[in-house]
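Enquirer: One structure is given below, represented as structure tokens, and several questions about it will come after.
The values are calculated or read from the model by the stated rules, or taken from the named source; none is laboratory data. Computed from a predicted structure; not experimentally measured. FYI the Cβ positions are ideal-geometry reconstructions off the backbone, even for glycines, and counts take in every protein chain you see.
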Amino acid sequence: MSDIIKSAIKFAVLRMLEPLARLLIEAQIGAGEFHQLAKQAYVRAARKADAKARENYSQMAVTTGLTRAEVTRIVKALDAAPNPAHPLLQFERSLGATRAERVIRGWWTDSEFLDDRGRPAKLPLRGPRGAFAALVER
């Protein structure tokens with residue numbers, strides 16, 4: 001594909017994404033969540049592009065620009081989805097919340113980060129258990 005056509009496609013995609021971004025912002029769906037959705041869309045498109053051939057995760061990784069591990073994880077999650085019309089159900093933990101919201105939710109709900117009265121504990125920055133670094137990583 002020529003550089004001119006590729007530039008025109010990128011320009012058109014940007015014009016389509018702006019109204020979508022406004023909708024996503026209004027729905028409080030952050031860029032990280034959109035990124036996960038985009039990865040799924042790329043994998044789904046790569047699977048449909050050559051539906052008759054045996055699935056090759058390495059080839060899909062090259063085609064999509066994702067790692068083979070990401071492609072494998074996404075394909076397995078899509079295949080395990082209880083309702084094929086809603087493959088995003090497998091990504092429930094990461095959808096509907098920004099990273100900060102997920103960290104705060106974990107701090108308020110995960111027993112490892114709660115005090116004796118069930119409230120969010122004061123967390124040391126680092127440590128083997130109950131540390132802020134562990135909360136963010138989880």
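Enquirer: From GLY106, GLY96, grab the single residue that is in a helix (DSSP H, G or I), within 22 Å of GLU137 (Cα to Cα) and either touching a Cys at 6+ places or on another chain (Cβ under 8 Å) or at pLDDT below 85 (or both).
Expert: Criteria check complete, one pass: GLY106.
Enquirer: Restricted to segment 25-54, and to residues that are in contact with a Gly (Cβ under 8 Å, 6 or more places away or on another chain) and of a type outside the set (Val, Ile, Thr), which residue is nearest to GLU70 (Cα to Cα)?
Expert: Across segment 25-54, the extreme among qualifying residues is TYR42.
Enquirer: If we scan segment 49-69, do we find a residue that is buried (at least 16 other Cβ atoms within 10 Å of the Cβ), at pLDDT 75 or above, out of contact with any Leu (no Cβ under 6 Å at 6 or more places or on another chain) and of a type in the set (Phe, Trp, Tyr)?
Expert: yes
Enquirer: Of GLY65, GLY32, which residue is in contact with a Ser or Thr (Cβ under 8 Å, 6 or more places away or on another chain) and among the small types (Gly, Ala, Ser)?
Expert: Going through GLY65, GLY32 in turn, the sole match is GLY32.
Enquirer: Could you list, in sequence order, the residues of segment 51-67 that are of a type in the set (A, V, I, L, M, F, W, C) and in a helix (DSSP H, G or I)?
Expert: If the condition is that a residue be of a type in the set (A, V, I, L, M, F, W, C) and in a helix (DSSP H, G or I), then MET60, ALA61, VAL62 are the ones that fit.
Enquirer: Identify, from the list LYS48, LYS6, LYS39, the residue that is assigned to a helix (DSSP H, G or I), in contact with a helix residue (DSSP H, G or I) (Cβ under 8 Å, 6 or more places away or on another chain) and of a type in the set (D, E, K, R).
Expert: LYS39
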